[in-house]
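Below: one structure, written as structure tokens.
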Amino acid sequence: MDEPLYPIAVLIDELKNDDIQLRLNSIRRLSTIARALGEERTRKELIPFLSENNDDDDEVLLAMAEELGVFVPYVGGVEHAHVLLPPLETLCTVEETCVRDKAAESLCRIGSQMRETDLTDYFIPLVKRLAAGEWFTARVSSCGLFHIAYSSAPDMLKTELRSIYNQLCQDDMPMVRRSAATNLGKFAATVEPTHLKTDVMAMFEDLTQDDQDSVRLLAVEGCAALGKLLEPQDCVAHILPVIVNFSQDKSWRVRYMVANQLYELCEAVGPEPTRTDLVPAYVRLLRDNEAEVRIAAAGKVTKFCRILSPELAIQHILPCVKDLSSDSSQHVRSALASVIMGMAPVLGKDSTIEQLLPIFLSLLKDEFPDVRLNIISKLDQVNQVIGIDLLSQSLLPAIVELAEDRHWRVRLAIIEYIPLLASQLGVGFFDDKLGALCMQWLQDKVYSIRDAAANNVKRLAEEFGPEWAMQHIVPQVLEMMNNSHYLYRMTILHAISLLAPVMGSEITCTKLLPVVITASKDRVPNIKFNVAKVLQSLVPIVDQSVVEKTIRPCLVELNEDPDVDVRFFANQALRSIDHVMMSS
């Protein structure tokens with residue numbers, strides 16, 4: 001054991017110290033102290049001391065709640081686990097939420113290891129005490145413990161526990177009802193099917209009619225969890241009407257939760273009720289007057305369509321999608337753009353061409369850059385459905401327009417998509433339409449675009465092969481080395497270093513290397529030290545003789561340059577050549 005054995009007296013002193021850091025450190029060392037004391041003294045001295053320790057600093061209490069959750073081995077294993085309950089019970093009643101949550105989490109962890117008899121003797125009474133607590137914090141914490149207590153309770157106690165939970169669902173304090181709503185799904189999962197339909201559903205109905213929207217929206221979250229526990233016919237009878245009502249709730253936050261959860265419920269209720277009840281509810285949400293609700297609903301449009309038949313999707317959902325594509329809120333259009341491409345495989349080729357393509361085009365021309373971005377990044381999903389010819393005829397003009405977009409992030413997204421487009425369109429098509437654009441990007445005003453353009457040139461050379469690159473890329477790239485602005489010359493050096501491995505030794509020696517050597521005479525130091533870096537990267541590609549005849553003399557010259565950075569990189573490159581020579 002690394003740490004010194006801590007006597008309990010020192011711990012007590014530290015835990016009463018004014019310095020919070022000392023108190024925190026000693027709490028975090030509890031396991032070491034417990035090992036030093038041994039199991040019996042830990043039970044008899046350390047845990048009672050912690051129970052009485054009424055520190056008022058939340059950070060210390062949080063650390064204590066966390067430590068106690070893993071303390072079962074230090075008090076003598078599962079048969080003594082119950083001694084850990086009193087200090088955690090105290091922590092469940094404090095004001096600070098995160099301390100209570102951590103204490104409840106630790107109680108659940110300990111409770112799930114306890115023997116059944118101990119649960120009945122110690123854990124269930126604790127849950128009952130908290131649930132009857134005078135202060136609301138205790139009652140809030142108790143809701144999260146029922147699912148541990150219930151499964152091993154004898155029948156008499158089970159009835160009592162259900163009745164207590166029911167009272168918590170009707171508590172005067174909204175915070176308690178919120179906690180009851182949050183934990184209902186976990187509790188319901190442990191309740192027997194017969195009581196699930198009666199008692200638990202009664203609690204659920206109370207919560208769904210709560211006057212506080214914060215309670216109702218947590219009840220919505222429980223819908224999907226409860227729906228999975230019930231048989232489909234019970235789900236249709238009990239959960240479906242609630243969800244349909246919630247989709248028209250007066251609070252937009254509740255409707256927002258419904259929009260997020262709805263597609264999960266479709267699986268629980270089955271196809272027929274989905275068609276008759278959930279589709280109209282979803283359509284209402286897509287047309288909601290609150291933008292946040294429309295955003296949530298639009299973001300789930302593809303998932304929802306996957307559950308429906310294509311006919312239903314075309315009949316009910318598509319008209320809403322058309323409206324959303326020209327929604328007044330840019331965030332709604334953006335949410336739609338990020339998922340709408342996924343509808344193409346669901347609807348099939350003909351419907352995509354007829355119905356979806358016009359929507360894609362309108363979103364591609366949207367004034368808000370994020371909307372355009374979201375469409376571009378998912379184009380391949382549509383390509384799989386309608387084929388490249390149609391895609392290129394309808395969407396390519398829009399892509400060319402976006403390649404000159406005033407927002408650099410949109411230009412960047414297009415560049416990253418170009419190699420994929422190139423592989424799908426083939427050489428001939430690419431040369432006509434996109435070749436000039438790729439060169440234009442190398443001289444963009446934004447560095448990220450120039451950097452991406454250099455990578456793009458390399459990926460195109462990989463895609464179409466060195467001969468094609470030699471004809472269509474290399475001459476134009478090398479021509480740009482004459483640009484009067486040094487930043488553009490630097491981009492070309494970067495492009496050369498990326499192209500060289502793809503083009504192979506011969507082209508590198510005859511075409512690329514001479515340009516780099518010429519650049520070593522540039523008047524700008526930044527260019528010269530980049531030349532040194534590029535030359536270092538070319539060493540493994542070209543023959544040894546070229547290194548000795550051409551590269552080394554150039555680097556030796558740069559190594560005498562007046563600029564300190566140029567000398568540094570030239571020296572680094574020379575050392576790397578020597579290293580390669582020695583290893584070969």
Subset of the range 268-294 [modelled with pLDDT of 80 or more and either polar (S, T, N, Q) or within 17 Å of Met343 (Cα to Cα) (or both)]: Val279, Tyr282, Val283, Leu286, Asn289
The range 55-86, residues that are in a helix (DSSP H, G or I), within 19 Å of Gln21 (Cβ to Cβ) and open to solvent by 60 Å² or more (accessible area, probe 1.4 Å): Asp58, Glu59, Glu66
Residue in the range 536-546 that is closer than 22 Å to Asp451 by Cα, among the hydrophobic types (A, V, I, L, M, F, W, C) and open to solvent by less than 10 Å² (accessible area, probe 1.4 Å) present: yes
Qualifying positions in the range 438-462 - part of a helix (DSSP H, G or I), open to solvent by 10 Å² or more (accessible area, probe 1.4 Å) and either of a type in the set (Asp, Glu) or modelled with pLDDT under 85 (or both): Met439, Gln440, Asp451, Glu462
Where a residue in the range 564-584 is touching a residue at least 12 places away in the same chain (Cβ under 8 Å) and among the hydroxyl-bearing types (Ser, Thr, Tyr) and its partner, wherever it lies, is open to solvent by less than 80 Å² (accessible area, probe 1.4 Å) and in a helix (DSSP H, G or I), with Cβ under 9 Å and at least six apart: Ser576/Gln536
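Conditions (1) in contact (Cβ under 8 Å) with a residue 40 or more places away in the chain; (2) closer than 25 Å to Arg178 by Cα; (3) out of contact with any Phe, Trp or Tyr (no Cβ under 7 Å at 6 or more places or on another chain), marked per residue:
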| site | (1), (2), (3) |
| --- | --- |
| Val99 | yes, yes, yes |
| Arg109 | yes, yes, yes |
| Ile124 | no, yes, yes |
| His147 | yes, yes, no |
Residue pairs meeting the criteria (Cβ under 8 Å; at least 6 apart or on separate chains; first within 14 Å of Asp327 (Cα to Cα) and among the β-branched types (Val, Ile, Thr), in the range 285-314; second open to solvent by less than 10 Å² (accessible area, probe 1.4 Å) and not in a loop (DSSP other than H, G, I, E, B)): Val293/Ala259; Val293/Leu285; Ile295/Val332
Single residue of the range 140-177 satisfying the filter (outside any helix (DSSP H, G or I), over 25 Å from Ile110 (Cα atoms) and not hydrophobic (A, V, I, L, M, F, W, C)) that is most open to solvent (accessible area, probe 1.4 Å): Asp172
Subset of the range 335-347 (residues that are part of a helix (DSSP H, G or I) and open to solvent by less than 20 Å² (accessible area, probe 1.4 Å)): Ala335, Leu336, Ala337, Ile340, Met343, Ala344, Leu347
Elements of type helices (runs of 4 or more DSSP H) in the range 354-410, at least 2 residues being modelled with pLDDT under 70: 379-386, 388-402
Members of the range 92-115 found to be in a helix (DSSP H, G or I), of a type outside the set (D, E, K, R) and open to solvent by less than 30 Å² (accessible area, probe 1.4 Å), listed by number: Val99, Ala103, Ala104, Ser106, Leu107, Cys108, Ile110, Gly111
Helices (runs of 4 or more DSSP H) lying entirely in the range 486-577 (those with 3 or more residues that are within 29 Å of Val446 (Cβ to Cβ) and touching a Leu at 6+ places or on another chain (Cβ under 6 Å)): 486-503, 525-538
Flag if Glu89 is part of a helix (DSSP H, G or I) and of a type outside the set (Ser, Thr, Tyr): yes
Test: Thr510 is β-branched (Val, Ile, Thr), at negative phi and surrounded by fewer than 16 Cβ atoms within 10 Å (Cβ to Cβ): yes
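The values are calculated or read from the model by the stated rules, or taken from the named source; none is laboratory data. Just so we're clear, the structure is a prediction, and the values are computed from it rather than from any experiment. Cβ coordinates were reconstructed from backbone atoms using ideal geometry, including for glycine residues, and neighbour counts include every protein chain displayed. Please note that ligands, DNA and RNA were not included when accessible areas were found on the heavy atoms of the full protein model with its side chains. Shrake-Rupley method; radii C 1.70, N 1.55, O 1.52, S 1.80 Å.
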